[in-house]
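Everything on this sheet refers to the single structure shown next.
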Amino acid sequence: MAERDTGDAATTTDDAPGPIAVPGCPDTYAVDHLLHGEPTALSSYLVAGEAPVVIDCGAADTTDRIRAAMADLDIDPTAVEAILVTHVHLDHAGGAGDLARTCPNATIYVHERGEPYLTDAERLTRLKESTETAMGMPDAYGDPEVVPGDRCVSVSGGETLALDDRSIEFVDAPGHAPHHYAALDRTSGALFSLDAAGMYYDGRVLPTTPPPSFDLEANLETVERLRALDPVVNCYGHFGPGEHGAADDELARYAEVLPEYVDRIDALRTDHDGVSGILGALGERWQTPTAYRDVAGVLRYLRKRAAED
């Protein structure tokens, strides 16, 4: 997918993109992780206020991008108070152990359903192996380190993180994954939905529906819960911030796009075999960097729904 214009971005060494200012949200920046060497494939976020915050850690082999962004923004890693891990998919959480060492005074906030996969070595290994199997490649997101359990706080939604200069609200956000939360910065109005409200490319909101746990009904309920927060700007994991002042419109659009996508795949599976067959017939509109994975996630969801009916 072509790189989109991300607005003002500083330039770090080797011409890598620097931090991208989130429009209308002072001290808030997106970080391009250059996942698998590709620009605009994955973003996490930094809040460079009096109490710095990292939102999502990226893959285990892309944490250097966050450290470079901290240097650009004059953030002392020892001053970082919180690392928010929105969900434990390894493109978002694989770097948590590494960043815990980089930011020794930070508390790591993770969904209660995901914490064991970061703090237990055996479960983290199984998660890495299952991810590599699904991706069809070894070390798809690097080699993640275990996060010290005594550094973690489990959240389930409804909690508030009170910092010196802002208040961040945690919101349970299942659908993309059962271990997903979103975070609303009440001070700036930035909603860090990451993968809970789709992907955002070239002004388009697109589905992200990975196996094994995508759930359409849960995801639609999540979208309505996020709309009720009245955010100013929606910050995605793939990729970057949406349009300032258009967060509700983007969330409403996702509530329309998601069931349309599921219905399209449901209709195609009658005449097309497997993920590859459906993907070829899906149409250009739905082609994204993760389309194969997302079709597989919808098919799994449809099979489960049929078994429960």
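The values are calculated or read from the model by the stated rules, or taken from the named source; none is laboratory data. This one's a predicted model, so the numbers in the text were calculated from it and none came from an experiment. All Cβ positions, even for glycine, are placed from backbone atoms using ideal geometry, and neighbour counts span all protein chains on display.
VAL147 versus (1) among the aliphatic types (A, V, I, L, M); (2) crowded, with 20+ Cβ neighbours inside 10 Å; (3) modelled with pLDDT under 95: which is the lone unmet condition?
Of everything listed in (1) among the aliphatic types (A, V, I, L, M); (2) crowded, with 20+ Cβ neighbours inside 10 Å; (3) modelled with pLDDT under 95, VAL147 misses just condition (3).
Please tell me if ILE108 is more than 28 Å from GLY245 (Cα to Cα), of a type outside the set (Ser, Thr, Tyr) and at pLDDT 95 or above.
Yes; evaluated as a whole, the condition is true for this residue.
Being assigned to a loop (DSSP other than H, G, I, E, B) and closer than 26 Å to GLY297 by Cα: is that true of VAL88 here?
yes
Output the residues belonging to region 163-204 that are outside any loop (DSSP other than H, G, I, E, B) and more than 16 Å from VAL110 (Cα to Cα). Please lay out each step first, then the result.
First, pick out the residues of region 163-204 that are outside any loop (DSSP other than H, G, I, E, B): 167-172, 181-185, 190-194, 199-201, 204.
Across region 163-204, the qualifying residues are SER167, ASP185, ALA190, LEU191, MET199, TYR200, TYR201, ARG204.
Out of all the residues in region 220-237, is one or more in a strand (DSSP E or B), of a type in the set (Phe, Trp, Tyr) and within 24 Å of PRO116 (Cβ to Cβ)?
Among the residues of region 220-237, not one is in a strand (DSSP E or B), of a type in the set (Phe, Trp, Tyr) and within 24 Å of PRO116 (Cβ to Cβ), which makes the answer no.
Check region 107-118 and report whether any residue there is of a type in the set (Asp, Glu), under 17 Å from the mean Cα position of the chain (by Cα) and surrounded by 24 or more Cβ atoms within 10 Å (Cβ to Cβ).
no
For ALA100, state whether it is at pLDDT 95 or above, assigned to a helix (DSSP H, G or I) and of a type in the set (Gly, Ala, Ser). Walk me through how you get there before you give the answer.
Values: at pLDDT 95 or above: yes; assigned to a helix (DSSP H, G or I): yes; of a type in the set (Gly, Ala, Ser): yes.
Here the answer is yes, as ALA100 does meet what is asked.
Take the conditions more than 27 Å from GLU38 (Cα to Cα), crowded, with 24+ Cβ neighbours inside 10 Å, among the polar types (S, T, N, Q) and touching a Leu at 6+ places or on another chain (Cβ under 7 Å) and apply them to ASN234. Does it pass?
For ASN234, the condition - more than 27 Å from GLU38 (Cα to Cα), crowded, with 24+ Cβ neighbours inside 10 Å, among the polar types (S, T, N, Q) and touching a Leu at 6+ places or on another chain (Cβ under 7 Å) - is not met.
Do we have any residue at all in region 70-79 that's closer than 19 Å to PRO241 by Cα, out of contact with any Leu (no Cβ under 6 Å at 6 or more places or on another chain), aliphatic (A, V, I, L, M) and buried (at least 18 other Cβ atoms within 10 Å of the Cβ)?
Within region 70-79 (the criterion being closer than 19 Å to PRO241 by Cα, out of contact with any Leu (no Cβ under 6 Å at 6 or more places or on another chain), aliphatic (A, V, I, L, M) and buried (at least 18 other Cβ atoms within 10 Å of the Cβ)), the answer is yes, since at least one residue qualifies.
Mind counting the residues in region 244-293 that are in a helix (DSSP H, G or I) and farther than 21 Å from HIS176 by Cβ?
Number of matching residues: 8.
Filter region 144-160 down to the residues that are part of a loop (DSSP other than H, G, I, E, B) and under 20 Å from the mean Cα position of the chain (by Cα) and list them by number. Talk me through it step by step, then tell me what you get.
Pass one, region 144-160, residues part of a loop (DSSP other than H, G, I, E, B): 144-148, 156-159.
Across region 144-160, the qualifying residues are PRO144, GLU145, VAL146, VAL147, SER156, GLY157, GLY158, GLU159.
Starting from region 126-141, take each residue that is on the phi > 0 side of the Ramachandran plot and list its partners that are among the charged types (D, E, K, R) and not in a helix (DSSP H, G or I), counting only C-beta distances under 9 angstrom and pairs at least six apart or across chains.
Close Cβ pairs satisfying both conditions: ASP139/ASP61.
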